[in-house]
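Chemist: Got a structure here, written out as structure tokens. Questions coming.
The values are calculated or read from the model by the stated rules, or taken from the named source; none is laboratory data. Not measured: the values here are computed from a predicted model. Cβ placement follows ideal geometry from the backbone for every residue including glycine, while neighbour counts extend to all protein chains displayed. For the accessible areas, the whole protein counts, side chains as well, though only heavy atoms, and no ligand, DNA or RNA atoms are used. Shrake-Rupley method; radii C 1.70, N 1.55, O 1.52, S 1.80 Å.
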Amino acid sequence: ADNTTTISWNLKAGGTFSGWVQVSELRVKIDGAEVYYRSHSVHTDCYNGTSLASGTKTITHNGDGTKSITMSVEAGIYNWAINKSGNSTFSLDTIPRASSISSAGAVTLGNACSVAWTPLATSFYYKLKFSIGSWSKTTSAIHPNQTSSYTYTGYTIPLEAANQVPNSTTGTMTVTLYSYSNSACSTQIGSASSKTFTITIPSSVKPTISSVTATIDNSANSVVNSWGLAVVGYTKVKVEAAASGSYSSTISSFTISGGYSTTRSGTSLSYTGGKITSSGSKTFSVTCKDSRGRTSSAVSSSAITFYAYAKPSISKFSVARNTGDSTKVTVNANWSFSSVNGKNSTTATLYYKKSN
């Protein structure tokens, strides 16, 4: 985690000589730092394999996790002061330096993302994968060229991601960070890092109504039906509407206002209401709601004029013996009826019944 390796080292006498040699002053350096020294006042008779010094040292790797170190030895052999030296270079195992996402900001679809992490070397490249449901998108290579906190805002989350959230106005998206040691992004470093964030579907994503029709229904009265008029107290209206969701949402209900006031569930609307009881011009407006709870703008039908109708009335009725023929009676009656846009009959028949 701290990009270091701790090594153990052991300096031994070696060679093919079967006898012994005397070693006095001694110095060991690892990665440019002195890790051991003894003065010429100490002498060791060394055979092949005699241990002279040992220890440990923690080595900090390069920012990309690689590290090579030089180890050097200086010794006084058959001499008090140093008169021999040697060195060698060793490559340590590369430490994977994958970055982790520190934050991923909530975003409304159609806007740029905001993902932050700290690159661990200026040479590193990165890719981000955004995913939700069956939808995903991976960016091209990103090269921050810095080792301080970096925020990427180069990708706009498209509206098509809303297809994965048909029943809500928000969803949870996952962003995954991949670290690479080369610009071709063919050599991944360590494991990927992931974080979730909230996406919001913008208010512009809502259902639409493609058509609304209102048709008079006089099927309950053959006379009014023959007139082809909307008559108060006799005519019903059939309201139909077609609608569609947006980005995979489905239609859940329709609300009718104007001539009727009701809400009907379903993916389409075909509703016949009761008889209209007032005259005048009437429109029937419809809004729909989808599975996200979003509603459409109201769409109105063409206006329908409803005509008032009054039943015929008798204002005068009298019966008297006929003075010219005692076997007959004379009936006098006055009645009236209203016209319904000129469609009702201009003649009337008077029916009467003799009582005992």
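Chemist: Amide H to amide H, which residues 5 or more places from Tyr36 or on other chains are under 5 Å from it, using H placed in the peptide plane?
Modeler: Distant-sequence amide H within range of Tyr36: Val28.
Chemist: If you work out Rg and Dmax of the Cα atoms in Å from the coordinates, which of (1) 48.3, 175; (2) 20.5, 64; (3) 27.0, 104 do you get?
Modeler: (1)
Chemist: Follow-up question, since we're still on this one. Need the C-alpha centroid separation for region 320-352 versus region 276-293, integer Å.
Modeler: 45 Å
Chemist: Now, a different point. Restricting to Cα pairs below 8 Å that are 6+ residues apart, what does the relative contact order work out to for region 35-188? Please round to a whole percent. Display every interim value, and only then the final one.
Modeler: Numbers: 251 pairs, mean separation 30.8, N = 154.
This gives 20 percent for region 35-188.
Chemist: Pull up all non-local amide H partners of Thr250: gap of 5 or more, or a different chain, and H-to-H distance under 5 Å with H placed in the peptide plane.
Modeler: Residues meeting the amide H criterion: Ser291, Arg292.
Chemist: If you place +1 on the Cβ of every Lys and Arg and -1 on the Cβ of every Asp and Glu, how big does the dipole about the Cα centre of region 290-356 come out, in debye to the nearest 20?
Modeler: 180 debye
Chemist: From the phi angles alone, apply the Karplus equation (6.51, -1.76, 1.60; θ = phi - 60°) to region 228-244 and give each ³J(HN,Hα) in whole Hz, x where the residue is Gly or Pro.
Modeler: x, 10, 8, 10, 4, x, 10, 9, 9, 10, 9, 9, 10, 8, 10, 9, 9
Chemist: Continuing with this model, one more query. Search the structure for amide H atoms under 5 Å from the amide H of Asn79, placed 1.01 Å from N in the peptide plane, and list their residues when 5 or more places away or on another chain.
Modeler: Correct list: Ser24.
Chemist: Given a 1.4 Å probe and heavy atoms of the protein chains only, how would you sort Glu74, Glu160, largest accessible area at the top? Can you show the working numbers first?
Modeler: Values: Glu74 55, Glu160 95 Å².
These residues rank, largest area first, as Glu160, Glu74.
Chemist: With a cut-off of at most 16 other beta carbons within 10 Å, and DSSP calling the residue loop, which chymotrypsin sites (Phe, Trp or Tyr not before Pro) in region 316-356 qualify? Please list them. Working shown, then result.
Modeler: Details: sites: Phe317, Trp335, Phe337, Tyr351, Tyr352; in loops: Phe337, Tyr351, Tyr352.
Qualifying residues, ordered by number: Phe337, Tyr351, Tyr352.
Chemist: Limiting things to C-alpha atoms, what are the Rg and the maximum Cα-Cα separation (Dmax) for region 1-45, in angstroms?
Modeler: Values for region 1-45 (Cα only, Rg and Dmax): 14.6, 47 Å.
Chemist: Could I ask something else about it? Which Cα, out of Ser244, Ser226, Gly258, lies furthest along the positive dipole direction of the chain (beta carbon charges, K/R +1, D/E -1)?
Modeler: Of the options given, the answer is Ser226.
Chemist: So how far apart, in nm, are the two label points at Lys311 and Ser281 if each is 7 Å from Cα heading toward Cβ?
Modeler: Rounded to a tenth, the inter-label distance reads 3.2 nm.
Chemist: A further question on this structure: For region 248-263 and region 50-86, what is the separation of their C-alpha centers, rounded to whole Å?
Modeler: 84 Å
Chemist: Now a separate question. Output the Cα-based Rg and Dmax of region 219-348 in Å, rounding Rg to one decimal and Dmax to a whole number.
Modeler: When restricted to the Cα atoms of region 219-348, Rg and Dmax are 24.1, 89 Å.
Chemist: Taking N as the number of residues in region 89-207, what value does Rg over Cα atoms divided by 2.2 N^0.38 Å take? Can you show the working numbers first?
Modeler: Details: Rg = 16.3 Å, N = 119, 2.2 N^0.38 = 13.5 Å.
Normalised Rg, Cα atoms only: 1.20.
Chemist: Mind checking which of Val175, Leu26, Thr349 is farthest towards the positive end of the chain's charge dipole, using Cβ charges of +1 (Lys, Arg) and -1 (Asp, Glu) about the Cα centre?
Modeler: Thr349
Chemist: Which whole-number percentage describes the relative contact order of region 267-356, with Cα contacts under 8 Å and a sequence gap of 6 or more?
Modeler: Normalised by residue count, the contact order of region 267-356 is 20 percent.
Chemist: As I understand it, the dipole of the chain uses +1 on the Cβ of Lys and Arg and -1 on the Cβ of Asp and Glu, about the Cα centre. Which of Thr118, Ser268, Gly293 lies farthest toward its positive end?
Modeler: Value computed over the given set: Ser268.
Chemist: May I ask you to derive the relative contact order of the chain, considering only C-alpha pairs under 8 Å and at least 6 residues apart, and to give it as an integer percent?
Modeler: 10 percent
Chemist: ³J(HN,Hα) across region 68-77 via Karplus (A = 6.51, B = -1.76, C = 1.60, θ = phi - 60°), whole Hz, x for Gly/Pro?
Modeler: Karplus-based 3J(HN,Hα) across region 68-77 equals 10, 10, 9, 10, 10, 10, 10, 8, x, 9 Hz.
Chemist: So if I place +1 on the C-beta of Lys and Arg and -1 on the C-beta of Asp and Glu, and nothing else carries charge, what would the dipole magnitude of region 206-332 be about its Cα centre? I want it in debye, nearest 20. Spell out each step's value before the answer.
Modeler: On the way: 13 positive and 4 negative charges, 50 e Å.
Dipole of region 206-332, to the nearest 20 debye: 240 debye.
Chemist: Rank Asn163, Asn341, Asn332 by mean-square fluctuation in a GNM of the chain with C-alpha springs under 10 angstrom and give only the top-ranked residue.
Modeler: Sorting by GNM fluctuation, first place goes to Asn332.
Chemist: Let me ask you something else. Between Trp80, Trp117, Trp227, where does the largest GNM mean-square fluctuation fall for the chain, given springs only between Cα atoms within less than 10 Å?
Modeler: Trp80
Chemist: Probe of 1.4 angstrom, ligands and nucleic acids ignored: what's the accessible area per residue over region 264-340, in square angstrom?
Modeler: Spelled out: the 1.4 Å probe surface of region 264-340, per residue, equals 63 Å².
Chemist: Given charges of +1 on the Cβ of Lys and Arg and -1 on the Cβ of Asp and Glu, with all other atoms neutral, how large is the dipole of the chain about its Cα centre, in debye to the nearest 20?
Modeler: About 2600 debye.
Chemist: Continuing with the same structure: Which residue fluctuates the most in the chain, going by a Gaussian network model with Cα springs under 10 Å, if the choices are Ser88, Ser326, Ser51?
Modeler: Result for the chain, Cα springs under 10 Å: Ser326 fluctuates most.
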